[in-house]
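Derivation of every value follows stated rules applied to the coordinates shown; laboratory data play no part. As the structure is a computational prediction, the values presented were derived from the model and not from experiment. Note that we place each Cβ from the backbone using ideal geometry, even for glycine, and neighbour counts take in every protein chain shown.
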Amino acid sequence: MLAKLEGHAKGITGIALPSGCDKLYSCSKDKSIRAWDCNSGQLAGSVSTVGEVGCLINEGAWLFVGLPNVVKAWNIQNQAEFFVNAPGGLVCSLALDNDKLFAGMEDGTILVWKLNAESNTPELIAMLKEHHGAVCTLVVGANNRLYSGSKDSTIKVWDTYNLQCLHTLSGHTKDVTSLVCWDSYLISASLDKTLKVWSATESGTIKVDYEIKDDYEVNALCGIHDAEGKPILLCAYSDNTVRLYELPSFTERGRIFSKGKVEVIEVGIDGLFFTGDANGDVSVWKMIGAPCMAES
C-alpha cells in the first residue's frame, strides 16, 4: 500500500483516475466528490452533491457521475460540463461505448444516450426495460456487446449497435454485483457467494465454464496485470478482504485485508490500483512481482 486517503464520511461508490491527470477522484454515499493530489496524497478539492453519488467513471478528460435521476459530466481540461436527466432513481452504474453513454438505474432501466462531442448535448435514444431490479454493474465487451448485472440476479447481454437484448444469463441466485470481460470470457460476482466464468458455445448460447463458491458475498471485481504481464483478478469479499487470483488457473496470489468492506476497485497505470471501502477510505496500491500479503 502506497497511501490511504481519508476524508469521506460514508462508503466509497466510485474511483476514477483520468489519463494524464495529476488528480485521483472519488465519490461517496456522503454526497460528495473529492479530488486528491496524486503526488502528495492530500485533498485538492471537493464538491457537494444534491444526493447520494451512485457511481463515477471517466473517459479521457471527462468525468461522468451518477446521481439520483441525473448524470453529470465534467471535462477537467477545459471545464466544460453538461448533465442529462435520468429518470429511474439513483444512477447505480455507467458505461461508455464509442458515442453512447449507458446508465444502469435503480428501477432496473438502462438509459442510452448518443453523445455529440461538438455540441455536448447528448440525445436520449433508448430506455431498455428488461431487468426487474437495480442495474448494479455495466461493462462493455468485444463484438459490440454490453453486459448488465442486476439485483434481479440476472445478467443481460446486449448488442450495443441495435440495442437488442440477446441473452439472459440466470446462473446466480442473488444480486449480481460486478462484471469483468477477460479474453473471450465474462466473469461475474454475486451476493450468492459465487464467482462464475461464462463463455459462448458453438451454438451461440452462453454457459458457465467455471465457478468458485465461498463463505462470503462477492462485492467487486477488477482485472490487472502483474509485473510479468500475467492477468490477475482482484476480487473483494464481504469478510473485508480483496483476494488476488491468477488467471486462468484462479491460483490465489495474495490477499489485502481492510478495516471496512471493499466495495470499489479501480485500476490505474504502472501497476497501480485503488480500493474504496464502506468506511469511506480510499487506499492506493501497487502490484509488485512476488506474491504478498498486505493489510490496510
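Observations
- Between LYS213 and TRP182, the contour length at 0.36 nm per residue exceeds the alpha carbon distance by 9.2 nm.
- Ratio Rg/Rh, restricted to the stretch 161-204 and using Cα atoms, in which Rh is the Kirkwood radius: 0.99
- Too-long pairs where the Cα-Cα distance tops 24 Å, listed order kept, from LYS129/LYS174; LYS151/LYS207; LYS29/LYS114; LYS10/LYS196; LYS10/LYS259: LYS29/LYS114; LYS10/LYS196
- Here each label is just a point 7 Å from Cα along the line to Cβ, and for ASN162 and ALA61 those points are 3.8 nm apart.
- The slack in the chain from ALA9 to ASN69, taken as 0.36 nm per residue of separation less the alpha-carbon distance, amounts to 19.3 nm.
- Net lengthening on full extension, ALA200/SER40 (0.36 nm per residue, minus Cα-Cα): 53.0 nm
- Net charge of Cβ neighbours under 15 Å - reference LYS31; Lys, Arg +1; Asp, Glu -1: +2
- Sparse-neighbourhood loop sites, GluC sites (Glu not before Pro) in the stretch 26-124 - DSSP loop, at most 13 other Cβ within 10 angstrom: GLU118
- Mean Cα-pair separation over length for the stretch 54-213, i.e. relative contact order, pairs under 8 Å, 6 or more apart, %: 11 percent
- Between ASP107 and THR251, the modelled labels are 5.0 nm apart [label points 7 Å from Cα along Cα→Cβ].
- For the stretch 172-296, the Cα-based Rg and Dmax, in that order, read 14.3, 46 Å.
- In the stretch 98-191, Cα pairs under 8 Å separated by at least six residues give a relative contact order of 19 percent.
- Rh (Kirkwood; distinct C-alpha pairs) - the stretch 54-213, Å: 16.0 Å
- Compactness of the chain is given as radius of gyration and Dmax, 18.2, 54 Å, from Cα positions.
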